[in-house]
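Contents: one structure, followed by commentary.
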Amino acid sequence: MKEEEVILVNTQDEQIGTMPKMEAHEKAQLHRAFSVFIMNDNGETMLQQRAAHKYHSPLLWTNTCCSHQRVGETNIEAGQRRLQEEMGFTADLKELFSFIYKAPFDNGLTEHELDHVMMGSYNGSPKINPEEVADFKWMKPEDIQKDIAENPEQYTVWFKIIFEKFFDHLIHNMTHES
């Protein structure tokens, strides 16, 4: 099977090429990615625990799903595809914001991503794909923030970065909507 390619971008999110995913992570090349946060009607966020055999960050908790867009795929299409592949359901997604981050891993690989953060709503139980996901749980955002502070080693490097921005977005927008 051919290795999945990622879309290399400049800081304005303009595509400048493609590269095999592993090579992009070895060379810390900036590429397009997305992160999906699913919320329920109780105001909780669905977290996933990465499968034990993942080549990086196994069994760590992270957002509902995240991955890389394919060439010709919109951010929303990519988010819905991966939500279905990993969590076994789909939802209407809305793009909230995007930002660039760089996060090195213990294994020598580096995530250097222009990340499109999306949110959707779902109230059912996921049908998790055991190839991708070990477990899931629902948590209130303020409880996630507290748990990251107390147990940072239980969360993926990128989730700690992205969650802070997501939580700020929630607080900022909930304050302005009420």
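Structure data summary
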item: Any hit, the range 42-63, residues being over 14 Å from ILE162 (Cβ atoms), free of Cβ contacts under 8 Å to residues at least 60 places away in the same chain and open to solvent by less than 10 Å² (accessible area, probe 1.4 Å); result: no
item: Top-ranked residue in the range 119-152 [being touching a residue at least 60 places away in the same chain (Cβ under 8 Å) and assigned to a helix (DSSP H, G or I); ranked as surrounded by the most Cβ atoms within 10 Å (Cβ to Cβ)]; result: ILE144
item: Pairs where the first residue, in the range 88-114, is at positive phi and open to solvent by 30 Å² or more (accessible area, probe 1.4 Å) and the second is among the acidic types (Asp, Glu) and not in a strand (DSSP E or B), C-beta under 9 Å, 6+ apart; result: GLY108/GLU26
item: Any pair with Cβ under 6 angstrom, 6 or more apart, that starts in the range 66-83 at a residue that is free of Cβ contacts under 8 Å to residues at least 40 places away in the same chain and ends at one that is β-branched (Val, Ile, Thr); result: GLN80/THR90
item: Number of the exception - ARG82 against (1) modelled with pLDDT of 95 or more; (2) loosely packed, with under 15 Cβ neighbours inside 10 Å; (3) charged (D, E, K, R); (4) within 15 Å of the chain's Cα centre (by Cα); result: (2)
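The values are calculated or read from the model by the stated rules, or taken from the named source; none is laboratory data. Since we're looking at a predicted model, the values are computed, not measured. As a convention, Cβ positions derive from the backbone with ideal geometry for all residues, glycine included, and neighbour counts pool all protein chains shown. All accessible areas refer to the heavy atoms of the entire protein, side chains included, with ligands and DNA or RNA removed. Shrake-Rupley method; radii C 1.70, N 1.55, O 1.52, S 1.80 Å.
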